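The values are calculated or read from the model by the stated rules, or taken from the named source; none is laboratory data. Here the structure is a predicted model, which means the values were calculated and not measured. We place every Cβ from the backbone using ideal geometry, glycine too, and count neighbours over all the protein chains shown. Just so you know, the surface numbers come from the protein's heavy atoms only, side chains and all, with ligands and any DNA or RNA stripped out. Shrake-Rupley method; radii C 1.70, N 1.55, O 1.52, S 1.80 Å.
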Amino acid sequence: MPTSTRIKGRNLVLTLDGDDYAVDASSITLTNEDKDGEVRTFADITPPKQWFFEIEGIQSTDGTSLWDFLWDNDGSEDIAFVFKPHGNTTATSSQPHFTGTVDVKGKPPIGGAADTTFVFSYRLDLTAGTEPTRVTS
């Protein structure tokens, strides 16, 4: 029985608003969770999902860095993204891309421990009520 192709964390690319930020990220995960809600109707049998990126990266105040993009775009909505887990330029059925829009909610942290490279963790939510689109061509 042949084995499934494995994704290895080497070439992953996250593009936000047309710019790639792979050089600043050490971990990027696209995931979801049940969205909280106080009142559910009978139509809300399955709670809606909130999709988001969990990002870990280096802190850099360079104008082209991911940290700087998040800082400068706090409060911005509907920013286009392309997530390429394989790092391939063109999406295929075996190496798809994922697309959608995100909302930047809050500035990333700055600072850290003495004599270390400062890093940050950030949650980047997909625009409310949306989910990523799997692109295969």
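For this structure, a couple of remarks:
- Within segment 9-32, residues that are outside any strand (DSSP E or B) sit with their Cβ atoms under 7 Å from residues that are among the β-branched types (Val, Ile, Thr), at 6+ positions apart or across chains, in these pairs: 12/28; 17/79; 22/13; 24/58.
- Subset tally (residues that are in contact with a strand residue (DSSP E or B) (Cβ under 9 Å, 6 or more places away or on another chain), under 27 Å from residue 3 (Cβ atoms) and in contact (Cβ under 8 Å) with a residue 40 or more places away in the chain) for segment 91-104: 3
- Test: residue in segment 67-81 that is free of Cβ contacts under 8 Å to residues at least 60 places away in the same chain, surrounded by 16 or more Cβ atoms within 10 Å (Cβ to Cβ), under 24 Å from residue 9 (Cβ atoms) and over 15 Å from the mean Cα position of the chain (by Cα): yes
- Residue 38, sole failed condition from (1) over 16 Å from residue 133 (Cβ atoms); (2) modelled with pLDDT of 95 or more; (3) surrounded by fewer than 13 Cβ atoms within 10 Å (Cβ to Cβ): (2)
- Of all residues making up segment 94-137, the number that are within 22 Å of residue 59 (Cα to Cα), polar (S, T, N, Q) and not in a loop (DSSP other than H, G, I, E, B): 1
- Scope segment 82-93; condition in a loop (DSSP other than H, G, I, E, B) and either out of contact with any Ser or Thr (no Cβ under 9 Å at 6 or more places or on another chain) or open to solvent by less than 50 Å² (accessible area, probe 1.4 Å) (or both); matching residues: 85, 86, 87, 88, 89, 91
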